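Visitor: Let me give you the structure first, and then I'll get to my questions.
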Amino acid sequence: MADTPNRDTLDPLKIAEDWTKAGRKVALATVVETWGSAPRPVGSHLVIDGEGDFEGSVSGGCVEGAVVAEALDVLETGKPTMLEFGVADETAWRVGLSCGGRIRVFVEPVA
């Protein structure tokens, strides 16, 4: 039987703590609100370092890439930001998303 990763190694908050202790610049993105269909629930996290490495998930697809890009800006400026993403159900499949709905994601630097 293959080794199962320790649950802590999969927790984005634990990863953020570890990366910060290792001297990496880190931002944390958190789903704070959803409307309609959303792939990840409120409270989901994505942790991003200054090199663009990331762990966790706030949505998937093109949203994740946009959150990583915004997180790099947050790390540069030190200023948190609120992001909102939304796609109507009828257009969701055309842009590569599996569902419609909207999400709000708060991105903040980790000190």
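Visitor: Heavy atoms only, probe 1.4 angstrom, no DNA, RNA or ligands counted: give me K14, K79 ranked by accessible area, highest first.
Guide: Correct descending sequence by accessible area is K79, K14.
Visitor: Using the basic label-point model (7 angstrom from Cα toward the beta carbon), what is the M82 to A22 distance in nanometres?
Guide: That separation, rounded to one decimal, is 3.3 nm.
Visitor: So between D53 and S37, what do we pick up on full extension, going 0.36 nm a residue minus the alpha carbon distance?
Guide: Result: 3.0 nm gained on full extension.
Visitor: For F54, F106, what's the largest-to-smallest order of accessible area, 1.4 Å probe?
Guide: Sorted descending by solvent-accessible area, the residues read F54, F106.
The values are calculated or read from the model by the stated rules, or taken from the named source; none is laboratory data. This one's a predicted model, so the numbers in the text were calculated from it and none came from an experiment. For neighbour counting, all protein chains shown are included, and Cβ atoms are generated from backbone atoms with ideal geometry for every residue, glycine included. The accessibility values were calculated without ligands, DNA or RNA, using every heavy atom of the protein model including side chains. Shrake-Rupley method; radii C 1.70, N 1.55, O 1.52, S 1.80 Å.
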